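Inspection log for the structure reproduced underneath, given as structure tokens.
The values are calculated or read from the model by the stated rules, or taken from the named source; none is laboratory data. Note that the structure is predicted; figures quoted are calculated from it, not measured. All Cβ positions, glycine included, derive from the backbone under ideal geometry; neighbour counts span all protein chains shown. When the accessible area is computed, the model is the full protein with side chains, heavy atoms only, and any ligands, DNA or RNA have been set aside. Shrake-Rupley method; radii C 1.70, N 1.55, O 1.52, S 1.80 Å.
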Amino acid sequence: MEAEEDAAGTIIEDDEIYVNGGEAGESQRHRPIISGEQLDIEAYAALYTGRTKISRLLFIAEKCGVPSMQLEALRMAYDEIKKGENTQLFREVIAKIDGRLGPDYGPDNAWADAVDRRAELRKEKLENELNAYRTNLIKESIRMGYNDFGDFYYAHGQLGEAFKNYVRTRDYCTTSKHIIHMCLNAILVSIEMGQFQHVASYVGKAEQSQDALDPVTIAKLRCAAGLAHLEGKKYKLAARKFLETGPELGNNYTEVIAPQDVATYGSLCALASFDRAELKSKVIDNINFRNFLELVPEIRELINDFYTSHYASCLEYLGNLKANLLLDIHLHDHVETLYEQIRSKALIQYTLPFVSVDLHMMANAFNTSITGLEKELEALITNDQIQARIDSHNKILYARHADQRNGTFQRVLQTGSEFDWERHSYACRSGLLAVASHLNAELGLRDIRLRLPHLVSSQ
């Protein structure tokens, strides 16, 4: 934001001034803050397994901009790839390393050729088995055959073929558990391919089989749905899904997401989209989500700071976490948007209780310059997010509170109009009922007159 750029050249030397009369003395809390340079790649990579571990390491190597960190990420990716069978990805990593890690991390043609030969034999065996199953029309065997093919292609990095084979098992599923297994496989591959429309679709399919869903599977589906909403920039929906994730998730979905990610994604989306009451009830007082927050103390602290109106401390945490968040494979595209929304909500929440606000104190509270703060407030006023006006000469923000007398008069007029309309409708209904009663009486008398001659003749 422009305000942040303007603030870059101004450093506030005074003690921090917090909102609503908070004293600087009570706010001098020394807490560990993570920065991008302090990212422990080894510890970070240990949170994940499978292909996502490699993808995240390669993403860090591409985006970090720090040569030592880049080489460390590439080294770990190289070692991880050699545990699997994806020779194409192995060759790509070698090209990125470009000999910078010495001979131990160079081309290994013997290993790659051996893996490719085994892959050809394995593929031929799977084809023969699947053909035999299809000839015998054994549904369960056919399902397992396609599933094995999906596993084979996934291991070798052919995600498109893996997705096709996993989806083909749908026609041969005979139980709800089979359907859920198919959906989880399709979700996994779709996340790797970045096809989040498929993720949302297969989450919905899996949730239809409620009888076969266990707590761990439900937690996995919540996370997958949260990622899909996050990718679609539906931050409030994403926050709800991550906040609904149960502690049963644990380390059972590390091929996609770590518990620490659930805390980070859910908290940032909640800060950007929830109001104060929702933040209290759905995040701070959420016992299940608290288990995730304990894994990331910095996120827990910044949420508490935001709720208790310690905005300078909250924004300081966000600023120091930003470098790490930009290295997250799912969050990096949303960091700027989320930060802008969180900062805007903080500014709005700051001004809400007051009739007038001294911009000098507000600038100190947000650790920014008065010029930058004025620009931010102007944008919020223009967008009708803050009902106020700025006295640029005296540097005071005046709230535009509604005219209570005029509002009361308008409500009286509205009430009178509603009363008059209801009186008229009651009169109309009474008239209609009287006419209906009269008609019924006339029809009854006519019916008696018509029937009277028949009664006399019968006697």
Starting from residues that are among the small types (Gly, Ala, Ser) and within 32 Å of the chain's Cα centre (by Cα), keep the ones in the range 351-368 and report whichever is nearest to residue 317 (Cα to Cα).
365
In the range 142-160, residues that are open to solvent by 30 Å² or more (accessible area, probe 1.4 Å) and within 20 Å of residue 179 (Cα to Cα) total 5
For the range 282-299: of the residues being in a helix (DSSP H, G or I) and charged (D, E, K, R), which is farthest from residue 236 (Cα to Cα)?
298
Can you name the number of the only condition in (1) within 29 Å of residue 304 (Cβ to Cβ); (2) surrounded by fewer than 19 Cβ atoms within 10 Å (Cβ to Cβ); (3) without any contact (Cβ under 8 Å) to a residue 60 or more places away in the chain that residue 194 fails?
(1)
Note on the range 386-425: residues closer than 19 Å to residue 350 by Cβ and at pLDDT below 75 are 400, 401
What are the residues in the range 103-121 that are open to solvent by 30 Å² or more (accessible area, probe 1.4 Å), without any contact (Cβ under 8 Å) to a residue 24 or more places away in the chain and within 26 Å of residue 44 (Cβ to Cβ), if any?
104
Filter the range 181-190 down to residues that are crowded, with 20+ Cβ neighbours inside 10 Å and more than 14 Å from residue 222 (Cβ to Cβ), then give me how many there are.
6
Checking residue 96 against (1) out of contact with any Lys or Arg (no Cβ under 7 Å at 6 or more places or on another chain); (2) closer than 22 Å to residue 188 by Cα; (3) of a type outside the set (A, V, I, L, M): exactly one of these is not met. Which one?
(2)
Does the range 68-80 contain at least one residue that is modelled with pLDDT of 90 or more, out of contact with any Leu (no Cβ under 9 Å at 6 or more places or on another chain), open to solvent by 30 Å² or more (accessible area, probe 1.4 Å) and not in a helix (DSSP H, G or I)?
no
Looking at residue 272, is it within 30 Å of residue 351 (Cβ to Cβ), out of contact with any strand residue (DSSP E or B) (no Cβ under 9 Å at 6 or more places or on another chain) and surrounded by fewer than 17 Cβ atoms within 10 Å (Cβ to Cβ)?
no
Going through the range 233-253 one residue at a time, which ones are more than 15 Å from residue 283 (Cβ to Cβ), open to solvent by less than 20 Å² (accessible area, probe 1.4 Å) and not in a helix (DSSP H, G or I)?
246, 253
Are any of the residues in the range 213-232 open to solvent by 70 Å² or more (accessible area, probe 1.4 Å), under 25 Å from residue 333 (Cα atoms) and basic (Lys, Arg)?
no
Enumerate the helices (runs of 4 or more DSSP H) found wholly within the range 81-188, keeping only those where 1 or more residues are over 30 Å from residue 65 (Cα atoms).
109-136, 139-155, 159-168
Taking residue 177 as the residue in question, decide whether it is touching a Cys at 6+ places or on another chain (Cβ under 8 Å), open to solvent by 60 Å² or more (accessible area, probe 1.4 Å) and either within 21 Å of residue 248 (Cα to Cα) or of a type in the set (D, E, K, R) (or both).
no
Number of positions in the range 81-111 that are among the aliphatic types (A, V, I, L, M), out of contact with any Phe, Trp or Tyr (no Cβ under 6 Å at 6 or more places or on another chain) and closer than 27 Å to residue 59 by Cβ:
4
Which residues, taken from the range 305-314, are part of a helix (DSSP H, G or I), crowded, with 17+ Cβ neighbours inside 10 Å and in contact (Cβ under 8 Å) with a residue 24 or more places away in the chain?
306, 311, 312, 313, 314
Being aliphatic (A, V, I, L, M), in a helix (DSSP H, G or I) and closer than 27 Å to residue 201 by Cβ narrows it down to one residue among 268, 279, 302; which is it?
268
